[in-house]
1. Which one of these does Val20 not meet: (1) surrounded by 15 or more Cβ atoms within 10 Å (Cβ to Cβ); (2) of a type in the set (Val, Ile, Thr); (3) farther than 18 Å from Ala98 by Cα; (4) over 13 Å from the mean Cα position of the chain (by Cα)?
2. Gly66 - would you say it is at pLDDT below 95, over 19 Å from Gln88 (Cβ atoms) and either in a strand (DSSP E or B) or touching a Lys or Arg at 6+ places or on another chain (Cβ under 7 Å) (or both)?
3. For segment 69-95, which residues satisfy the criterion of being of a type in the set (D, E, K, R) and in a strand (DSSP E or B)?
4. Taking segment 1-57 only, how many residues are charged (D, E, K, R), more than 19 Å from Val71 (Cβ to Cβ) and either part of a strand (DSSP E or B) or touching a residue at least 24 places away in the same chain (Cβ under 8 Å) (or both)?
Amino acid sequence: VLAHWPEVKEIYRGNSDVFVKYFHLYGNLQIKFDETRSTATMQSKVINPIGVNDEEGHLRLFQVHGVYDDVLRKTNEGWRITNRVWLQGWISGDYPFAGGPAEIGKAR
């Protein structure tokens, strides 16, 4: 799924009633700067614990695992992500949807 930041924000806003619990945990950051130190690439391991209520109102807990592959640029306001690619790993736990994580709000 290809989406730009304004679209991604709307997806999250539109699914706010679906997520009862929602976290984003980043770790194992690997940053590589270019020779001018004005741009960089970064990979980060992401674990996303989520809780949703199923159709019967039961809490379903699961985790989405993957990697963010980012391109960063140094600006006057600080470092900014200019491109982000999500590399899906796996889903563990009591996942209640038929499709992948991009399908989470569409099931309702």
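1. (1)
2. no
3. Initial filter on segment 69-95 (of a type in the set (D, E, K, R)): 69-70, 73-74, 77, 80, 84, 94.
Result: Asp69, Asp70, Arg73, Lys74, Arg80, Arg84.
4. Count: 2.
The values are calculated or read from the model by the stated rules, or taken from the named source; none is laboratory data. Quantities reported herein were computed from a predicted structural model and do not represent experimental measurements. Using ideal geometry, Cβ is built from the backbone for each residue, glycine included, and neighbour counts are taken over all protein chains shown.
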